[in-house]
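One structure is given here, and the rest of the page talks about it.
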């Protein structure tokens, strides 16, 4: 069998002839990014063959002269020869704020969003009961007596109890004279016994709310006894190495073993976050008896190991929209093995449970007749428009830029992220604020928005995002045809290296904002409305504590509307997920919302491409759509001062 | 760590100091019988310490002089020293018909028992359906379309589908243009999807009926499409090495790892039998989608890994009587992992699902007012008395003698078993009939009964089962205080060794029959009746094709009643299990019967011991209870001829 040696690490692996190089690298534990999901289009998995025989199909993606030097795409190269030596370029490392693993979190959900009136009925209920002692006369089994206690409380119902719990009953009901705490899930006249514990453990009732994003995964541990959040942690989805957006992941998952790999990766991410929280707070995982998981349709298919292929193919059909309850053991989530997991229902192939959860935090979930727009800015951008009478929704692929992905010095809204930036008109140098007031490590979504808006308003970049070559600043470095901007110089950064943003990065950000804005526009056109008809615009996303909405408007991410119409609601998906975990009322409401939404497939809307192309400027090719921004720019031209 | 060497095999194993010798032997894969379940009472696990330091507590069970020679009980000995050498006596081998592994079976259930009118509704149903193609307009997921098809057939119901099945849906419904076969279990307005297969596979629908006895396990594979039995196989329960009766097993299971060992052993037995059948008949295990399992309460607790301890302790409380449905994967049965298993309901701690299944084959399950007695002769003997208005039941520990256990040359009713034997009045030599007409391998229960009856009637043994020392025969060998009888001489046996029965064996058989007869008697007394009040006596048990009821009466196993009142119904438990698998009607009937039966605990009935002692003779200390037998003996005394 061919023996591959990876440089510079020196790691070796033997593989059968014909094995794909990318697969061999994964097996050897070597990280090679493949943002396009191994489709051979992004060119990011480029490696150099130093020795040995391979069969590669990289030409067309890589230029002739590069291929001549032995460079190939790892995803398009099969190993043939006996001893193959491969150089893996260093630029693929996990350094520099690019998907760096870190899970501190400052974006706690805000309870303000929580409606005042709601019924507390968490998914899993714990209650203390006294079981009658066994008697020879009645001939009742231990389970019979347990069942009697349950029916005494819940009335006639079918009782289900899995083997591991059945095995505990006999000892548990004898340990403290029959005094036990039962954990149950009650659903449609069925009672599922999750746990039995001797004595009173009612106060130990925890649940998890999980938001699985394409780029970022957030886990919230909830103390169900009081309905309080114990902790929130988030981290990059470990799947990012296998593709940056949902389409790339679907492509990556074409082979069954890769679907399984993606499943394991997202499970590893979720379980790591759970472990961090329970370890920190000294919580027994057996007391975590329920969970609600929200995510886009593709993410949930990957988490469950369901083939996502048909989501991508016309007519865009997911395997499942309303996922049945599943046990934690079945899914692979490391909490109580019998714990029940509820999955937020999906609307369509690209509008999933994260949106039906997020909408719960808005007036769209009330009986308001006013028109609202809900925009969830993530790697997939999703939009919902409507009121209590109708709802229309669609999704667009924005890419992971606002979450730090695909941006050289990008990072999530975590400790050390630049979240605010103001550019000096004269010097072109930026003044920044970093999360946690520590030395900057990189720039997060809200920081990028603020920076771009400021660079644009001060004229350091033009409407296409290119630096003004006629203005000189120590912060702007022009190298040949490309320019980049030093946000924080090496002397002030955490890593001791410049924190920069390149024109290519800016292009990525503009593409992201264009995708979202144009989708909003298209949706409005579909219902024959304009932005002016909206009474509230909700902006959700993992931007951290704050998002400067005015700056988002300056770059054309959100429409030019009066400031008071906007509400930034943070990670609404996680918030909604928490609400569903806490109250059956929300669970029912969410299902109702999911069924009510009409899903618009952008893939079949030819007008979308035109809208998108028009939005690939700051703020837009048609500046008249953004009168406030126009006024700001005009005022700047007249006075040389920045409009405040 | 101490290193133990087992002789004569030479197998070595390292164990932590303090490890019990019996446990070390098991870990090393060495078979040492412990019929009492490791309680230190039977003395059967005796081994000799040839070298090394051990801590043993065998005195009291083993005589002083034996202990002085280094003999110890493996279950009462802890390993201390560094190098321990242990001699394992050969007599413990698996040879000589003693629990020999063999699974041919000649005791097929007879369809005669099957009532004429019954509704065919098997546990798992397969049906062919056409799934609508996906359409972008309706936004239905694959699962939605599957659910629509199911509800179209079964009406509004909750649909449950486990992950492995969900994962198959997308591809399956696309493979043959939406034509699929769905396998479901329908129960209380819930529909459980067990399998989805492309195209028409409705004809491939199999189920298993399993009877788990203390000594013998039988598996029947049923072709549900036609309700026909494909094959039946039986084998000794692999647990027999860990104790011969339920009490010994419960004792053995005191340590959690031993409970787990017992669980694995019985699962291994069941799965081996299943594999033999599906391999022979070339059946895909994924087409085996349902199963019904019956067994006594302890066996079912052990199969499910439920602690059986409380069954043995006053007030004799099992963990469960009506076991909920479980998946095959959960239990560990190697059929379709999603297959549903139904467990026959138990009545009490020692009357289990094998009895509620068995009773289904009798008039006790009809609306007859006539009084019936049902006797299931197994290692545990169970008795049911009653009619359509009431039912009383109890259990007694008969021991495994009738199944060949604890009898030197005993074996199950399998190929080569002596099933009939007639002793010559003059020569004392037996003429035998063997199952399959091959050379004899050993003697099974029906053979023992025939042999004992004949030896007794011809005066070769007396009423206490001892050989008449004054009569000489080449078949009777007297060695010191003990005598044994050569049933088949070495020259005619399969192994080339004598097939014998000793006085100790006969004692075991008498104890077994006494336990059953006295339990019947006690039950009748409880309801104020005599044997004469019975209109039918059903005899069930694994005696093979036939049981000579007259001979059973001669030895006092069954009461002296007119021959036409008896019905031998073979393995009624397996037959009833098959009926439950095939028809929901029987499932409901069985549950009704289980709930109707009043359970009498013999442990708390002081009269039982007296009854039992009285029955420890052939046929009984009070010969007047057996007038027919008395007449036979009298006639023999007068004429010297055997009564026919």
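The values are calculated or read from the model by the stated rules, or taken from the named source; none is laboratory data. No experiment lies behind these values; they were computed from the predicted model shown. Virtual Cβ from ideal backbone geometry, glycine too; neighbours counted across all protein chains shown.
Considering only the stretch B:247-260, how many residues are surrounded by 19 or more Cβ atoms within 10 Å (Cβ to Cβ) and either within 19 Å of residue A:167 (Cα to Cα) or free of Cβ contacts under 8 Å to residues at least 60 places away in the same chain (or both)?
Of the stretch B:247-260, the ones surrounded by 19 or more Cβ atoms within 10 Å (Cβ to Cβ) are B:247-253, B:258-259.
Subset that is either within 19 Å of residue A:167 (Cα to Cα) or free of Cβ contacts under 8 Å to residues at least 60 places away in the same chain (or both): B:249-253, B:258-259.
Qualifying residue count, the stretch B:247-260: 7.
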Residue that is surrounded by 21 or more Cβ atoms within 10 Å (Cβ to Cβ), facing another protein chain (nearest Cβ under 9 Å) and at pLDDT below 95, where the choices are A:348, A:405: A:348
Would you call residue A:40 in a loop (DSSP other than H, G, I, E, B), surrounded by fewer than 22 Cβ atoms within 10 Å (Cβ to Cβ), touching a strand residue (DSSP E or B) at 6+ places or on another chain (Cβ under 6 Å) and in contact (Cβ under 8 Å) with a residue 12 or more places away in the chain? yes
Considering each residue of the stretch B:295-337, count those that are facing chain A (nearest Cβ under 10 Å), surrounded by 24 or more Cβ atoms within 10 Å (Cβ to Cβ) and farther than 25 Å from residue B:605 by Cβ, and give that number. 2
Filtering the stretch B:136-150 down to residues that are closer than 24 Å to residue B:288 by Cα and away from chain A (no Cβ under 11 Å) yields B:149, B:150
Can you run down the residue pairs with Cβ atoms below 6 Å, 6 or more apart or on separate chains, where the first is in the stretch A:155-183 and facing another protein chain (nearest Cβ under 8 Å) and the partner is surrounded by fewer than 19 Cβ atoms within 10 Å (Cβ to Cβ) and assigned to a strand (DSSP E or B)? A:158/A:190
Which of the following residues is within 14 Å of another protein chain (Cβ to nearest Cβ) and farther than 30 Å from residue B:124 by Cα: B:604, B:628, B:621? B:604
Within 10 Å of chain A (Cβ to nearest Cβ) and within 24 Å of residue B:376 (Cβ to Cβ): does that describe residue B:358? no
Is there a residue in the stretch A:246-265 that is modelled with pLDDT of 95 or more, farther than 15 Å from residue A:38 by Cβ and in contact with a helix residue (DSSP H, G or I) (Cβ under 9 Å, 6 or more places away or on another chain)? yes
Within the stretch B:452-482, can you find the residues that are in contact with a helix residue (DSSP H, G or I) (Cβ under 9 Å, 6 or more places away or on another chain), in contact (Cβ under 8 Å) with a residue 24 or more places away in the chain and outside any loop (DSSP other than H, G, I, E, B)? B:452, B:453, B:454, B:455, B:456, B:457, B:461, B:467
Of the residues in the stretch B:483-514, those that are in contact with a helix residue (DSSP H, G or I) (Cβ under 6 Å, 6 or more places away or on another chain) and on the phi < 0 side of the Ramachandran plot come to B:483, B:497, B:498, B:508, B:509, B:512, B:514
Given the residues A:51, A:28, which is the only one that is under 35 Å from the mean Cα position of the chain (by Cα), modelled with pLDDT of 75 or more and closer than 19 Å to residue A:12 by Cα? A:28
Report yes if some residue within the stretch B:262-276 is within 14 Å of chain A (Cβ to nearest Cβ) and surrounded by fewer than 18 Cβ atoms within 10 Å (Cβ to Cβ); otherwise report no. no
If I ask for residues that are in contact with a helix residue (DSSP H, G or I) (Cβ under 8 Å, 6 or more places away or on another chain) and in a strand (DSSP E or B), which ones from the stretch B:515-570 would you list? B:536, B:537, B:538, B:539, B:540, B:541, B:566, B:568, B:569
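Scan the stretch B:190-213 for residues that are assigned to a loop (DSSP other than H, G, I, E, B), touching a helix residue (DSSP H, G or I) at 6+ places or on another chain (Cβ under 9 Å) and surrounded by fewer than 21 Cβ atoms within 10 Å (Cβ to Cβ) and jot them down.
Step one: list which residues in the stretch B:190-213 are assigned to a loop (DSSP other than H, G, I, E, B), which gives B:199-205, B:213.
Those still in the list that are touching a helix residue (DSSP H, G or I) at 6+ places or on another chain (Cβ under 9 Å) too: B:199, B:201, B:204-205, B:213.
If the condition is that a residue be assigned to a loop (DSSP other than H, G, I, E, B), touching a helix residue (DSSP H, G or I) at 6+ places or on another chain (Cβ under 9 Å) and surrounded by fewer than 21 Cβ atoms within 10 Å (Cβ to Cβ), then B:199, B:201, B:204 are the ones that fit.
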Say whether the condition of being more than 19 Å from the chain's Cα centre (by Cα) and outside the structural domain of residue B:594 (by TED's automatic domain parsing) is met by at least one residue in the stretch B:234-245. no
Residue under question is residue A:443, and the condition is that it be within 22 Å of the chain's Cα centre (by Cα) and either farther than 30 Å from residue A:609 by Cβ or touching a residue at least 12 places away in the same chain (Cβ under 8 Å) (or both); does it hold? yes
Go through (1) within 13 Å of chain B (Cβ to nearest Cβ); (2) in a helix (DSSP H, G or I) one by one and return the number of the condition residue A:254 breaks. (2)
Of all residues being without any contact (Cβ under 8 Å) to a residue 40 or more places away in the chain and over 13 Å from residue B:353 (Cα atoms) in the stretch B:568-601, which is nearest to the other protein chains (Cβ to nearest Cβ)? Just the residue, please. B:588
Let me spell it out: the conditions are (1) under 28 Å from residue B:312 (Cα atoms); (2) assigned to a helix (DSSP H, G or I), and residue A:129 meets all of them except one. Which number is the exception? (2)
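Criterion first (under 22 Å from residue A:586 (Cα atoms) and away from every other protein chain (no Cβ under 11 Å)) does residue A:218 satisfy it? Can you show your working first?
Details: under 22 Å from residue A:586 (Cα atoms): yes; away from every other protein chain (no Cβ under 11 Å): yes.
For residue A:218, the condition - under 22 Å from residue A:586 (Cα atoms) and away from every other protein chain (no Cβ under 11 Å) - is met.
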Would you pick out the residues in the stretch B:117-132 that are under 20 Å from residue A:307 (Cβ atoms) and either more than 14 Å from every other protein chain (Cβ to nearest Cβ) or modelled with pLDDT of 90 or more (or both)? B:131
